[in-house]
Amino acid sequence: MTVPSRILVVDDDADIRTLLGEYLRRHGFQAEGACDGASMRERLHRAEFDLVVLDLTLPLEDGLDVCRDLRTRSDVPVIMLTARGAPIDRSVGLEIGADDYVAKPFEPRELLARIRAVLRRTTGKASAVRPEATRHIRFAAWTFDPTARHIVNAAGVIVALSGSEFRLLRAFLEHPRQVLSRDRLLALTSGSDVDAFDRSIDLQVSRLRQKLRDDAKAPLLIKTIRSEGYMLACHVTEPA
Amino acid sequence: MTVRVFVILVLGILFAIAGTLHATAIFHGPPFRPTLQLSVLGICTLSLAFITARMVTRPLRGLAGAATRLGRDIDAAPLPVTGPTEVKDASMAFNAMQRRIRANVSERTGMLAAITHDLQTPVTRLRLRVEKVEDDDLRARLIGDLASMSDMIRDGLEWARSIDVAEPFGRLDLDALLDSVCSDAQDAGHDVVLREESAAIVLGSVSALRRCFTNVIDNAVAYGGRADVSCVVDGARAIVRVRDSGPGLSDHQLGSVFDPFYRVEASRSRATGGTGLGLTITRNIVVRHGGTVSLRNRAEGGLEVTLDLPLAGAE
């Protein structure tokens, strides 16, 4: 990280804005604050930001509207801060284009890890459509819902994924028909779980193949590319 | 209904015939045998009594069934108000009672949800402020205290939701769900094994059932060192067993562990802590899915938690 990433913190609570800003600066980011949607738009207009941390419960405007509006004009990654116990908000937040979601009260290190993970996933992807920010994704006979950790098969049966399976599948779906080395997969999947000990990528792939009912001996979906890594071999679509 | 009215009509006609025959016999002397008349009359009376009794008791049985359902599901549909006046009154009173209980429950859970919800902002502020504490030891202790508060907030909201919110149900692959919960526990470094594939499909909410199994498996790991999870299909039900290698529970504890805020004494240490809501949330979720959850000490040692859920399509 040669140039520090610029983070905009949008929260109506002045203390949280200030405290979070200080915390992010201590950890090598540049941070600014905005107290509402209007002030956020004004800041974004004046300067480039690498990521927005957006509180869902703003006083004048709904955070979801702010996010939806932001999506129509910018591709800046967004992490939503929201109240716990609101699963509907979560999925709606992600559907309208937030890249991740952290519930209050959060562990500051957890937010830091998520910010870094989102930046890692989104940097260098320019203005390409980011599938993680869109609705359901279809691949082979499966539907992937990025807002819930599960996939749905052709018969409509819901197949739950573990955290590591979810991150691995998301990485593949964001890079369909591209060979991904083990190191690249590790970087794309070492997500927000600060203390999780990582299984080897090979083991994770074999578990994911089992979930996808992909034969390990002759896999059709996740192919092993000898001495290079793995590739998602099927077509990926996003239904309108 | 129409069948019953028809039967009553037929019986009425039989009564009339029997009465006419009886009257004829009185006015025109012999030859009719009174035993026959009496038995026809008797059979008619008995049948009428039986049918009337059934008409009256059927709504009462409905009432009894509704009371049983209410014990399991506060949101059960209200009773139809039909039958004799007394039964109608009883049904109306029952429906009013159900509404009041439901209002009480949602007021209570609403209050809990509001308090825990409003605590989130100050706790977030506090957590960020603690980062500025220079004294390492003090900071670590403060972070520990705040983590317990965050757990209480999380569990309080989960509890409120487990009582109040009906999430949409879908058809779930139970093996995949258990596998994902066990994998997450393994990734967190816990000793958890999943044995046996059941191929069971159940109707339910993924997030609620994930929370439910996570609670049980986390408990097994926290108090029993490990979790041995299995799933089998028995008739129209899927049966999930979670076993641990801990000391098990006393009879008194077995009777109380599902109570909100009940904590097994040995667990009040900082290491295992817990809010005492985990199993209450688990039971609420299982009951919402039409299932049951029970605990028992195994003869070989350790505790076994059994959760059973109806299979999808089994009705």
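The single residue among B:57, B:82 that is among the β-branched types (Val, Ile, Thr) and in a helix (DSSP H, G or I) turns out to be B:57.
For segment B:284-315, the set of residues classified as under 26 Å from residue B:248 (Cβ atoms), among the aliphatic types (A, V, I, L, M), touching a residue at least 60 places away in the same chain (Cβ under 8 Å) and not in a strand (DSSP E or B) consists of B:285, B:286, B:287, listed by residue number.
Taken over segment B:128-151, residues that are touching a Leu at 6+ places or on another chain (Cβ under 8 Å) and closer than 21 Å to residue B:277 by Cβ amount to 2.
Yes or no: residue B:231 more than 14 Å from residue B:279 (Cα to Cα), hydrophobic (A, V, I, L, M, F, W, C) and in contact with an Asp or Glu (Cβ under 8 Å, 6 or more places away or on another chain)? Yes, satisfied.
The set of residues from segment A:152-172 being open to solvent by less than 30 Å² (accessible area, probe 1.4 Å), out of contact with any His (no Cβ under 9 Å at 6 or more places or on another chain) and either over 15 Å from residue A:211 (Cα atoms) or facing chain B (nearest Cβ under 9 Å) (or both) comprises A:157, A:162, A:163, A:164, A:165, A:171.
Exactly one residue out of B:146, B:128, B:138, B:119 is touching a Phe, Trp or Tyr at 6+ places or on another chain (Cβ under 9 Å) and either facing another protein chain (nearest Cβ under 9 Å) or in a helix (DSSP H, G or I) (or both), and it is B:128.
Of the strands (runs of 3 or more DSSP E) entirely within segment A:1-60, those holding at least 1 residues that are open to solvent by 30 Å² or more (accessible area, probe 1.4 Å) occupy A:6-10, A:30-34.
If I filter segment A:4-24 for residues that are of a type in the set (Ser, Thr, Tyr), in contact with a strand residue (DSSP E or B) (Cβ under 8 Å, 6 or more places away or on another chain) and away from chain B (no Cβ under 12 Å), do I get at least one hit? Scanning segment A:4-24, I find at least one residue that is of a type in the set (Ser, Thr, Tyr), in contact with a strand residue (DSSP E or B) (Cβ under 8 Å, 6 or more places away or on another chain) and away from chain B (no Cβ under 12 Å), so the answer is yes.
So that you can scan it fast, the table gives a plain yes or no per residue for (1) open to solvent by 40 Å² or more (accessible area, probe 1.4 Å); (2) more than 8 Å from chain A (Cβ to nearest Cβ); (3) out of contact with any Cys (no Cβ under 7 Å at 6 or more places or on another chain):
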residue: B:178; (1), (2), (3): no, yes, no
residue: B:186; (1), (2), (3): yes, yes, yes
residue: B:201; (1), (2), (3): yes, no, yes
residue: B:204; (1), (2), (3): no, yes, yes
residue: B:207; (1), (2), (3): yes, no, yes
residue: B:220; (1), (2), (3): no, yes, yes
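Of B:47, B:39, all but one fail to be in contact with a Leu (Cβ under 9 Å, 6 or more places away or on another chain) and either polar (S, T, N, Q) or assigned to a helix (DSSP H, G or I) (or both); the exception is B:47.
The values are calculated or read from the model by the stated rules, or taken from the named source; none is laboratory data. Source: prediction; values computed, not measured. Using ideal geometry, Cβ is built from the backbone for each residue, glycine included, and neighbour counts are taken over all protein chains shown. With ligands, DNA and RNA removed, areas are computed over all heavy atoms of the protein, side chains included. Shrake-Rupley method; radii C 1.70, N 1.55, O 1.52, S 1.80 Å.
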